[in-house]
Amino acid sequence: MAKKSPASPLPHAASSAAEPPLFNWLQSRGAGVLLHPTCFPGDQGIGVFDAHAVRFLDFLQAAGIRYWQLCPLGPTGFGDSPYAAFSAFAGNPLLIDLAALVPHGLLDGADLAPLRALPADRVDYGALYGLKRALLDRAHENFRARKGAAPGGDFERFRHEHAAWLQPYAFFMALKDHFNGRAWTEWPVEARDYAAARRSSLYALLEGRIERWAFVQHLFFSQWRWLRAEARARGIGIVGDLPIFVALDSADAWANPGLFELDPETRQPLAVAGVPPDYFSADGQLWGNPLYAWEAHRADGYRWWIERMCAAFALYDVVRIDHFRGFDTCWRIPLPAENAKTGEWRPGPGLDLFRALRREFPAARIIAEDLGDLLPSVRELLAQTGLPGMLVLQFAFGGDAKNLYLPHHATPNSVVYPGTHDNDTTLGWYRAAGEHERDFARRYLRVSGAELPWDFLRAAYACAARLAIVPLQDVLSLGNEARFNTPGRPQGNWQWRYRAADLEKLFGGTTGYLRELASLYDR
């Protein structure tokens, strides 16, 4: 998604509308840590749902931290971004702990040796995809040969309970294998239509591959259920992340073309999402996501969105929706286009969608990512929903005391971050900032700047915002060598991993200090 502009932040005021806000869930103070599971240490080439994940939860509990926020858990494609997944419902196979399959006879311990040769401090996605895919294939073959129960429960029951999204997703991925990884918009005509493909000989031909992809999802969800239970046992809620848009090359667009702005004959997108030229880019940002056909969603009562949110709440305790402003208006870029200069703002569903969500999920806990240049209508929509928005401290010191990202402007119904997954680490930000920002930050916080990440962390804890979320990189006081994502850079992101020893050093003095901050600031 776009790099979020620090200009024109939204004051998170209470609604002035005649009717009360739809949601009002953020009533108590708390703190959380932002960390994507790929960042866990271990010897499988990427962070997975294993003992290292549980040790991270131990750290949160010891530090008195009540929330763990992560990026989307969907299956990533080209570019490795969790914000561009092959499905809005499925899980990322790379996060499956393969070592946990060994006791069940699905793999041998020696099978994992190639993974252990991969780098320990970053994710080498190019090498990882092929290795992990082959091992998951082997696990499925062993499962079929054994004809026993799968780890985590009854596989056929899982297929039945999740059939609405699992069947099209598994068929989509099997077809993607069959057509050598090409995007579905490049498949033969008979395969571009889900219903027609389902009736064709392709389904019978690929039945084994379809089962394989469904089995992998069974493994993912069974391991995630286990890890989430570990979090609950420690009193830790999970904040998940929901991108507003889906990828064009996804099972969602392929199986539900009528819900998107796609040509009914060719299934090619008529226009795509992005943002116009702004502070960060003279050409704007051409994201390429298909736009929603909101009239079609409205006609069936937003059923797809309700199903999507239901799936999200089955995974997480709180859901952060990325690019909230797109529900008010989104930048529509007609195709063909070389950049995002040519386009127009088109209205989104507005409050109508959130009324539908309120009817289905009256106790829903949702955070609105409302960063960037916002129109008054976006501010009004946020106030009407009652959802907490976001403050980023790295955006606070570029102007003067009127900058609404400064902590003294924060209101309780908001979430404060030193920085997000899209920002520099706080130490990296401070090293790269101009002297005005550095001086303003030092004077505002009354510090020398020698420990800026911890100064920002204390400011976040002290802030009036009821929820404070800090990246683990800032807790570790790391520089931009630990930056997770640089928006606009298509490759080389999402690779950072911490080492187990880094986390162990935080137990004791650091966790005690964090508990003291939680006590001092009622978190």
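Each value in this text was obtained by applying a stated rule to the coordinates, not by laboratory testing. This structure is a prediction, so every number in the text was calculated from the model and none was measured. Heads up, the Cβs are rebuilt from the backbone with ideal geometry, glycines too, and the neighbour counts pull from every protein chain shown.
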(request) Collect the residues in the stretch 262-278 that are in contact (Cβ under 8 Å) with a residue 40 or more places away in the chain and among the acidic types (D, E), keeping them in residue-number order. (result) D278
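So which of R365, R359 ends up being basic (K, R) and more than 21 Å from the chain's Cα centre (by Cα)? Spell out the reasoning first.
Numbers: R365 fails: more than 21 Å from the chain's Cα centre (by Cα).
On inspection, the qualifying residue turns out to be R359.
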(request) Scan the stretch 497-523 and report the pairs whose first residue is within 21 Å of L70 (Cβ to Cβ) and whose second residue is of a type in the set (F, W, Y), with Cβ atoms within less than 8 Å and a gap of 6+ or a chain change. (result) R497/F40; Y498/F40; L503/F56; L503/F59; L506/F59; T511/F59; A518/Y461; R523/Y461
(message) Going by what's in this entry, would A99 be described as hydrophobic (A, V, I, L, M, F, W, C), surrounded by fewer than 23 Cβ atoms within 10 Å (Cβ to Cβ) and within 19 Å of W224 (Cβ to Cβ)?
(response) yes
(request) List every residue pair whose Cβ atoms lie under 9 Å apart, where the two residues are 6 or more positions apart in sequence or sit on different chains, the first residue falls within the stretch 442-458 and is farther than 24 Å from A63 by Cα, and the second residue, located anywhere, is among the hydroxyl-bearing types (S, T, Y) and surrounded by fewer than 18 Cβ atoms within 10 Å (Cβ to Cβ). (result) R442/S448
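Let's see how each residue does on (1) part of a strand (DSSP E or B); (2) more than 20 Å from the chain's Cα centre (by Cα); (3) of a type in the set (D, E):
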site	(1), (2), (3)
F245	no, no, no
P277	no, yes, no
D283	no, yes, yes
L286	yes, no, no
C310	no, no, no
F313	no, no, no
I321	yes, no, no
P336	no, yes, no
(request) Hey, can you tell me all the residues within the stretch 407-428 that are closer than 24 Å to N485 by Cα, without any contact (Cβ under 8 Å) to a residue 60 or more places away in the chain and more than 17 Å from the chain's Cα centre (by Cα)? (result) V416, P418, D424, T425, T426, L427, G428
(message) All but one of (1) in contact with a Lys or Arg (Cβ under 7 Å, 6 or more places away or on another chain); (2) under 30 Å from T385 (Cα atoms); (3) surrounded by 22 or more Cβ atoms within 10 Å (Cβ to Cβ) hold for T425; state the number of the condition that does not hold.
(response) (2)
(message) Is it the case, given these coordinates, that I46 is in a loop (DSSP other than H, G, I, E, B) and closer than 30 Å to A110 by Cα?
(response) yes
(message) Cβ-Cβ under 7 Å, sequence separation 6+ or interchain: first residue in the stretch 120-132 and under 12 Å from L94 (Cβ atoms) and without any contact (Cβ under 8 Å) to a residue 40 or more places away in the chain, partner assigned to a loop (DSSP other than H, G, I, E, B) and aliphatic (A, V, I, L, M). Which pairs?
(response) none
(request) Within the stretch 507-517, work out how many residues are over 17 Å from L57 (Cα atoms) and under 28 Å from the mean Cα position of the chain (by Cα). (result) 1
(request) With the checklist (1) surrounded by fewer than 20 Cβ atoms within 10 Å (Cβ to Cβ); (2) in contact with a Pro (Cβ under 8 Å, 6 or more places away or on another chain); (3) basic (K, R) in hand, flag the one item R431 doesn't pass. (result) (2)
